Amino acid sequence: MTKSLRIGYMPLTDAGLLFVAAAKGFDREEGLAFDLVAETSWANLRDKLAVGIYDAAHMLAPAVVASTLGLDGFIAPMIGAVALGLDGNAISVTPTLATTIRAKLTGAASDPAATSRALADVVAERRAKGLPALRFAHVFPYSTHHYQLRLWMRLGGVDLEGVRLTVTPPPLMGESLRGGYVNGFCVGEPWNSLARDAGDAEILHPCRDLMSDCPEKVLAFRAHSAREDEETPRAAARAIRRAALWGEVKGNADEFCGLIAQGLGGGVTSAMVAATLGKNGESAPWLRLDAESTALGGRQAVWLYVLIAAHGQAAISDEICARAHDAFLRQDNAPQDNAPHDDAPAPMAPGFFDGPFEERNWRDVLAALSPPRG
């Protein structure tokens, strides 16, 4: 018997494994039928999952941790059952701001520290002249986009009093830039590429240049539902991993990208998806949708807790860290044609600490990521 699973998602390239699993029947082979419903904002997705309108959701990984911890009074314990990829965001700015930054560069344009230093000069000059603060958008208070934007600015010593950060849903990023409401944003694909191709933005950095192998989205379930029916989230995770394994087969690359583009619609092309995934033979990948990138475990949840705490959104304690650790369901049963993953790749942020993130060192990494006091 097939069980219908109503899944809310945002129109982002990292929802791609959901599209592929449904199109190729991997969900049905696991006894499920993915009923995919597009949403307009992360707040809608989170709230509708919490109240049971959705059985599962394509969800910001930090938001799962934040909801589980009850931050900002929103107590809705969730479980991340499987990662939907790693990385995938980029920082984009208006062509005018990009030109101004390039004029002040003292290093390579590909170096986030160099562009951040140039931005610091721009911000300081604007403040001295009494000009309005530059505005940058991200997608949600508890999102890697928010933290990546702030960490990029910290690399070059940008005076954060001289910028304004605002929340904007991903589909509205290009319009906000075009309308002059923001000067730049950090968002996931395809919204950077669509804004660039429309002539509204220049992409400064894929965020993988700043922070690599970062858990970005997960397939989330309500925690009590996952405890009552453990097999459903595990079956969904198997279907997602099978989609990723199928996409890794060289002969499937074109169809894989095409299915993702078709699922997204709105002018997204297969070539655009292929460039993001590094499957076009020309560009390095911004986003990982391979099978290894679907593995999930406590280390990734602790990493996200560290990012949340570093930005002053959670108290710091071993007890809270332990609760965060349990927000993700460890993957211990993979498809028969692939050995189980013991763990996912460890995140790295080389501008702030040496080596990949290790859970036992979470307090040291927290200290490195936290803004200096005073």
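Here, each number is a calculation from the coordinates, and none is a lab measurement. These numbers were taken from a predicted model, which means no experiment stands behind them. Don't worry about glycine lacking a Cβ; one is built from the backbone with ideal geometry, like all the others, and counts go over all protein chains shown.
Between segment 142-164 and segment 266-280, what is the separation of their alpha carbon centroids in Å?
First find each Cα centre; the distance between them is then 28 Å.
Starting from the Cα gyration tensor of segment 89-209, take the square roots of the eigenvalues, sort them a ≥ b ≥ c, and report rounded, prolate or oblate (rounded when a/c is under 1.5, otherwise prolate if a/b is larger than b/c, else oblate). It would help to have the intermediate numbers written out before the result.
Numbers: a/c = 1.36, a/b = 1.30, b/c = 1.05.
It is rounded, given that a/c, with a ≥ b ≥ c, falls under 1.5.
State the extension gain, in nm to one decimal, for the chain segment bounded by THR166 and ALA33, taking 0.36 nm per residue of separation less the distance between their alpha-carbons. Present the calculation step by step, with values, prior to reporting the outcome.
On the way: separation 133, 0.36 × 133 = 47.88 nm, distance 3.68 nm.
That pair, THR166 and ALA33, stretches by 44.2 nm at full extension.
Which entries in the list LYS24/LYS48; LYS24/LYS217; LYS217/LYS250; LYS129/LYS217; LYS3/LYS217 go over 32 Å, if you measure between the two C-alpha atoms of each? Before the final figure, lay out each step's value.
Values: LYS24/LYS48 27 Å; LYS24/LYS217 21 Å; LYS217/LYS250 25 Å; LYS129/LYS217 41 Å; LYS3/LYS217 23 Å.
Listed pairs above 32 Å: LYS129/LYS217.
Neighbouring Cβ atoms within 10 Å as the yardstick, rank PHE256, PHE136 fewest first. Working shown, then result.
Details: PHE256 28, PHE136 25.
Result, fewest neighbours first: PHE136, PHE256.
So how many Å³ per residue does the convex hull of the Cα atoms of segment 1-130 work out to?
Working: hull volume 21.9 nm³, N = 130.
Looking at segment 1-130, the number lands at 169 Å³ per residue.
Express as a percent, rounded to the nearest 5, the fraction of DSSP beta bridges in the chain (both residues included) that run antiparallel.
Working: 22 of 39 bridges.
If we restrict to bridges inside the chain, about 55 percent are antiparallel.
Output the antiparallel fraction of DSSP beta bridges having both residues in segment 89-209, as a percent to the nearest 5.
Values: 9 of 16 bridges.
Bridges in segment 89-209 that DSSP calls antiparallel: roughly 55 percent.
Test of understanding: ordering PHE221, PHE34 by Cβ neighbours within 10 Å, fewest first, what list do you get?
Values: PHE221 27, PHE34 24.
In increasing order of surrounding Cβ atoms, one gets PHE34, PHE221.
Quick check on the chain: helices-only [θ] at 222 nm, where DSSP H runs of length 4 and up contribute -39,500 (n - 2.57) each and the sum goes over total residues. Nearest 500, please. Could the numbers behind the result be given before it?
Details: 16 runs with 155 residues, N = 374.
When only DSSP H runs of four or more count, the value is -12000 deg cm²/dmol.
Please build a GNM for the chain, connecting alpha carbons under 10 Å apart, and tell me which residue among GLN300, GLN148, GLN262 fluctuates the most.
In this elastic network of the chain, the residue with the biggest mean-square fluctuation among GLN300, GLN148, GLN262 is GLN262.
Would you mind ranking CYS321, CYS214 so that the residue whose beta carbon has the fewest other beta carbons within 10 Å leads the list?
Working: CYS321 21, CYS214 27.
Listing CYS321, CYS214 from fewest to most nearby Cβ atoms yields CYS321, CYS214.
Provide the FRET efficiency to the nearest 0.05 for the ALA108-ASP254 pair, computing r from the beta carbons and using R0 = 35 Å.
Working: r = 33 Å, r/R0 = 0.95.
For R0 = 35 Å, the calculated efficiency reads 0.60.
Under the √(5λ) rule applied to the eigenvalues of the Cα gyration tensor, what semi-axes describe the equivalent ellipsoid of the chain? Give them in Å, descending.
Numbers: eigenvalues 212, 113, 68 Å².
Ellipsoid half-lengths, sorted descending, are 33, 24, 19 Å.
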